[in-house]
Amino acid sequence: MASDRTAGRRDELTERLGRCYTGAVHDVLRMMGHDRCVLPPAIKAIAPGTRLAGPVWTVSGRIDRSRARDETLLSWCTLLSRAPAGHVIVCQPNNHEVALMGELSAQTLQARGVLGYVVDGGSRDTDLVLGQGFPVFCAFLTPGISSSAGCRIAMASLSSSAK
């Protein structure tokens, strides 16, 4: 019962923060001593004006060219299946070679109730993702994905935090 109340309060706070003017949120956070509370300038929403608020589920990874295509696809699908509803995924893939978000991943995450996706990396299928209305913030847009680019991604660690 207590966890239901906590989740309800978290959902209410997420909704309230999502409606706030982002400049005001930034100013309040800075006054509270949180100086590094904005995205790097290279990471932008694929749909200008997009707002995103919620607890964060972090993912990090790296390119692993020794892994087979099927193995990396299974790993990525497993990652998507673990993404918690009501959270924003923040991904640090440690590469700027390939896309780590696209139409099918966005569709899967949206169906799971994930609030949005932020990646210090690439995204593809922009028009299709925009059509779905799934919030994506990324460092660059590319038509390439990990398998078509000949790269293999190993998602190394997962964690959850309510930052």
Given the candidates Leu73, Ala7, Val136, the one whose Cα lies deepest towards the positive end of the charge dipole of the chain, counting +1 at each Lys or Arg C-beta and -1 at each Asp or Glu C-beta, is Ala7
Reviewing (i) 35.5; (ii) 10.1; (iii) 11.8, the figure for mean projected area of the Cα convex hull in nm² actually calculated from this model sits under (ii)
Karplus ³J(HN,Hα) for region 41-55 (6.51 cos²θ - 1.76 cosθ + 1.60, θ = phi - 60°; Hz, whole; x = Gly/Pro) runs x, 6, 8, 9, 5, 6, 10, x, x, 5, 10, 8, 9, x, x
Length-normalised contact order of the chain, Cα under 8 Å, at least 6 apart, in percent, tallies to 29
Row for region 4-53, column shape: gyration tensor on C-alpha, a ≥ b ≥ c, rounded if a/c < 1.5 i.e. under 1.5, prolate if a/b over b/c, else oblate; value oblate
Placing each pseudo-label 7 Å from Cα in the direction of the beta carbon, Arg51 and Thr6 end up separated by a distance in nanometres of 2.7
Contour minus Cα-Cα span, Asp127 to Tyr21, at 0.36 nm per residue, comes to 35.5 nm
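Every number here is computed from the coordinates shown, using simple stated rules; none is lab data. Quick caveat: nothing in here was measured; it's all calculated off a predicted structure. A quick note on method: Cβ atoms are made from the backbone with ideal geometry, for glycine too, and the neighbour counts reach across all protein chains shown.
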